[in-house]
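The values are calculated or read from the model by the stated rules, or taken from the named source; none is laboratory data. Every value quoted in this text rests on a predicted model; they were computed, and no experiment measured them. Here the Cβ is made from the backbone with ideal geometry for all residues, glycine too, and neighbour counts use every protein chain on show. Just so you know, the surface numbers come from the protein's heavy atoms only, side chains and all, with ligands and any DNA or RNA stripped out. Shrake-Rupley method; radii C 1.70, N 1.55, O 1.52, S 1.80 Å.
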Amino acid sequence: MRTLDDLDAEGKRVLVRVDFNVPLDDQQKITDDARIRGALPTLEELRDKGAAQLILLAHLGRPKDREPKFSLKPAAERLSELLGTEVALAPDLDEVPESDVVMMENVRYEPGETKNDPELAKRYAALADVYVNDAFGAAHRAHASTEAVAHLLPSAAGRLLEREVKTLNGILEDPQRPLVAVVGGAKVTDKIGVLDAFLERADVVLIGGAMCFPFFSAQGHEVGDSLCEAEGVEPARHTLEGGGDKLRLPQDLVAGREFAADTEVREIDGVDVPDGWMGLDIGPASSEAYAEVIRDAGTVFWNGPMGAFELESFAAGTRRVAEAMAECEGTTVVGGGDSAAALKQFGLADRVTHLSTGGGASLELIEGKPLPGVEALT
Ligand code: ADP
Ligand code: MG
């Protein structure tokens, strides 16, 4: 993969694909600017190297047409503050301001973007002399601004994308052992590829979250009213058969009557959930056992919360895992939007080695799928 070390930016107009797909509240205020901050090393390095102009491409959400609520204006304003220089917002591809740093409007306002349209890519390429992709979070998509355009200009990875790819590849290729994978979240079918990848490579795979229930169901346990993905039961059975003793499931649970903050709560010693109850967190014995394995690991990859951590009554299992990540002296890597949100909620985001900015992209990389945005830079 070509990096900024291989690219001559001096005096050049640089087209930079960034991942500014940030969460906004209903006042269009950015609630978490981590992705914008994540691009700063690349943008600052390009400016230090004497780039003539930076022209940024990014997407926000999934607009149907030019819906104003998907404008990148808030991101451009936030970037202005962070860079300490004015960032001009260009309304469309035909009007590029002279400013040193220009943010183009949401690439998904262009119908050809998600189709990887070569004509649109040509229009992007005409804006600049060289191309840098720093949008790891969009690297698993073959879109005009992430894939097609990379072939039309001298191109390279930015520092964020470079670090993401190197860190995640490092886990797969040469991890400090024991290598522990912690996989949770809502649906087992989202994560089955990652589970299988880790069952091949890791020493221990710890399972939590609602995705436990297809496993428990396959083992013949009662799941009560728990969120239990029906299409997940067969893949879970298959993974159980192949997983051997690497695969660990919870031994106790915390259940509620419903998915709500004020619901009645009970601990279940064991994993059979009675009717009228739903399992919403792993229990204290499970989280203590998981924490011990994580603390002693050489490398940990964590994706997916252990329970409904958004509700305080069901946050303890995820908190315990997050604390163990912070205590672990090995390499600790977290991928996944909700897992990152949980870590931030507990104030532990800066206590892990690497917090990936790309949910889907990090999972696809771990699964061994080629990322089109990365392939285009090699
Ligand atoms: P990530 O974004 O980190 O990949 P996911 O999107 O797969 O994680 O899963 C996160 C969601 O799973 C959270 O909204 C959380 O509330 C939910 N969740 C986790 N455990 C449970 C559970 N036992 N029952 C219901 N929802 C759960
Ligand atoms: Mg999620």
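Among (1) assigned to a helix (DSSP H, G or I); (2) open to solvent by less than 10 Å² (accessible area, probe 1.4 Å); (3) of a type outside the set (D, E, K, R), which single condition is Thr114 missing?
(2)
Which residue pairs have Cβ atoms under 6 Å apart, sit 6 or more places apart or on different chains, and have a first residue in the stretch 270-281 that is within 15 Å of ligand 1 (Cβ to nearest atom) and a second that is part of a loop (DSSP other than H, G, I, E, B) and open to solvent by less than 20 Å² (accessible area, probe 1.4 Å)?
If the second residue must be part of a loop (DSSP other than H, G, I, E, B) and open to solvent by less than 20 Å² (accessible area, probe 1.4 Å), the pairs left are Val273/Ser226; Met278/Ser226; Gly279/Ser226; Gly279/Val273; Leu280/Gly307; Leu280/Ala308; Asp281/Gly307.
Within the stretch 363-378, how many residues are farther than 24 Å from Ile282 by Cα and either at pLDDT below 95 or open to solvent by 10 Å² or more (accessible area, probe 1.4 Å) (or both)? Explain how you work it out, then say what you get.
Here is the first cut: in the stretch 363-378, the ones farther than 24 Å from Ile282 by Cα are 364-378.
Those left that are additionally either at pLDDT below 95 or open to solvent by 10 Å² or more (accessible area, probe 1.4 Å) (or both): 364-370, 372, 374-375, 378.
Within the stretch 363-378, residues that are farther than 24 Å from Ile282 by Cα and either at pLDDT below 95 or open to solvent by 10 Å² or more (accessible area, probe 1.4 Å) (or both) number 11.
Within the stretch 332-339, is there a residue that is within 16 Å of ligand 2 (Cβ to nearest atom), within 15 Å of Arg35 (Cα to Cα) and over 13 Å from the mean Cα position of the chain (by Cα)?
no
Got a sec? Which of Ala308, Ala322 is in a helix (DSSP H, G or I) and not aromatic (Phe, Trp, Tyr)?
Working: Ala308 fails: in a helix (DSSP H, G or I).
Checking each option against the conditions leaves just Ala322.
Looking for whichever is of a type in the set (A, V, I, L, M, F, W, C), more than 16 Å from ligand 2 (Cβ to nearest atom) and in contact with a Gly (Cβ under 7 Å, 6 or more places away or on another chain) here; the options are Val374, Val293, Val300. Which one fits? Lay out the reasoning, then the answer.
Numbers: Val374 fails: in contact with a Gly (Cβ under 7 Å, 6 or more places away or on another chain); Val293 fails: in contact with a Gly (Cβ under 7 Å, 6 or more places away or on another chain).
Within the list Val374, Val293, Val300, the selection yields Val300.
Considering only the stretch 309-326, I want to know if a residue exists there that is within 16 Å of ligand 2 (Cβ to nearest atom), open to solvent by 10 Å² or more (accessible area, probe 1.4 Å), farther than 25 Å from Ala361 by Cβ and not hydroxyl-bearing (Ser, Thr, Tyr).
yes
Please tell me if Phe309 is touching a Phe, Trp or Tyr at 6+ places or on another chain (Cβ under 9 Å), within 10 Å of ligand 1 (Cβ to nearest atom), aromatic (Phe, Trp, Tyr) and more than 17 Å from Ala202 (Cβ to Cβ).
Working: touching a Phe, Trp or Tyr at 6+ places or on another chain (Cβ under 9 Å): yes; within 10 Å of ligand 1 (Cβ to nearest atom): yes; aromatic (Phe, Trp, Tyr): yes; more than 17 Å from Ala202 (Cβ to Cβ): yes.
It is true that Phe309 is touching a Phe, Trp or Tyr at 6+ places or on another chain (Cβ under 9 Å), within 10 Å of ligand 1 (Cβ to nearest atom), aromatic (Phe, Trp, Tyr) and more than 17 Å from Ala202 (Cβ to Cβ).
Quickly run through the stretch 350-367 and pick out the residues that are more than 13 Å from ligand 1 (Cβ to nearest atom), outside any strand (DSSP E or B), in contact (Cβ under 8 Å) with a residue 12 or more places away in the chain and not polar (S, T, N, Q).
Step one: filter the stretch 350-367 for residues more than 13 Å from ligand 1 (Cβ to nearest atom), giving 350-354, 365, 367.
Retained after the next criterion (residues that are outside any strand (DSSP E or B)): 350-353, 365, 367.
Narrowing further to those that are in contact (Cβ under 8 Å) with a residue 12 or more places away in the chain: 351-353, 365, 367.
Listed by number, the residues that qualify are Arg351, Val352, Leu365, Glu367.
Would you point out the residue of the stretch 205-221, among those that are closer than 25 Å to Asp296 by Cα and either of a type outside the set (Val, Ile, Thr) or away from ligand 1 (no atom under 14 Å from the Cβ) (or both), that is surrounded by the most Cβ atoms within 10 Å (Cβ to Cβ)? Reasoning before the result, please.
Initial filter on the stretch 205-221 (closer than 25 Å to Asp296 by Cα): 205-209, 211-212.
Adding the requirement that they be either of a type outside the set (Val, Ile, Thr) or away from ligand 1 (no atom under 14 Å from the Cβ) (or both) leaves 205-206, 208-209, 211-212.
Working: Val205: 24, Leu206: 28, Gly208: 26, Gly209: 31, Met211: 25, Cys212: 27.
Here the answer is Gly209.
Conditions (1) under 21 Å from Leu161 (Cα atoms); (2) hydroxyl-bearing (Ser, Thr, Tyr), marked per residue:
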| residue | (1), (2) |
| --- | --- |
| Thr3 | yes, yes |
| Gln27 | no, no |
| Gln53 | yes, no |
| Gly61 | yes, no |
| Glu67 | no, no |
| Gly84 | no, no |
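I'd like to check something: does the stretch 23-42 contain any residue that is free of Cβ contacts under 8 Å to residues at least 40 places away in the same chain and within 17 Å of Val87 (Cα to Cα)? Reasoning before the result, please.
Going through the stretch 23-42, the residues free of Cβ contacts under 8 Å to residues at least 40 places away in the same chain turn out to be 23, 25-27, 31.
Retained after the next criterion (residues that are within 17 Å of Val87 (Cα to Cα)): none.
Among the residues of the stretch 23-42, not one is free of Cβ contacts under 8 Å to residues at least 40 places away in the same chain and within 17 Å of Val87 (Cα to Cα), which makes the answer no.
Quick check on the stretch 1-57: of everything there that is open to solvent by 10 Å² or more (accessible area, probe 1.4 Å) and among the basic types (Lys, Arg), which residue is farthest from Tyr131 (Cα to Cα)?
Lys29
Any residue in the stretch 177-189 that is at pLDDT 95 or above, more than 16 Å from ligand 2 (Cβ to nearest atom) and out of contact with any helix residue (DSSP H, G or I) (no Cβ under 9 Å at 6 or more places or on another chain)?
Yes, the stretch 177-189 contains at least one residue that is at pLDDT 95 or above, more than 16 Å from ligand 2 (Cβ to nearest atom) and out of contact with any helix residue (DSSP H, G or I) (no Cβ under 9 Å at 6 or more places or on another chain).
Could you list, in sequence order, all residues of the stretch 210-265 that are in a loop (DSSP other than H, G, I, E, B) and aromatic (Phe, Trp, Tyr)? Spell out how you get there, then give the answer.
Taking the stretch 210-265 as the starting set, the residues that turn out to be in a loop (DSSP other than H, G, I, E, B) are 210-211, 219-229, 249-251, 257-264.
Scanning the stretch 210-265 gives a single hit, Phe259.
Which number in (1) over 22 Å from the mean Cα position of the chain (by Cα); (2) crowded, with 21+ Cβ neighbours inside 10 Å; (3) in contact (Cβ under 8 Å) with a residue 60 or more places away in the chain marks the one condition that Asp296 misses?
(2)
Among what's in the stretch 333-347 and is at pLDDT 90 or above and open to solvent by 40 Å² or more (accessible area, probe 1.4 Å), pick the residue that is nearest to ligand 1 (Cβ to nearest atom). Before you say what the answer is, go through the steps one by one.
Step one: of the stretch 333-347, the residues at pLDDT 90 or above are 333-335, 338-347.
Narrowing the set further to residues that are open to solvent by 40 Å² or more (accessible area, probe 1.4 Å) leaves 338, 341, 344-345, 347.
Working: Asp338: 3, Ala341: 8, Lys344: 12, Gln345: 12, Gly347: 18 Å.
Applying the filter and picking the extreme gives Asp338.
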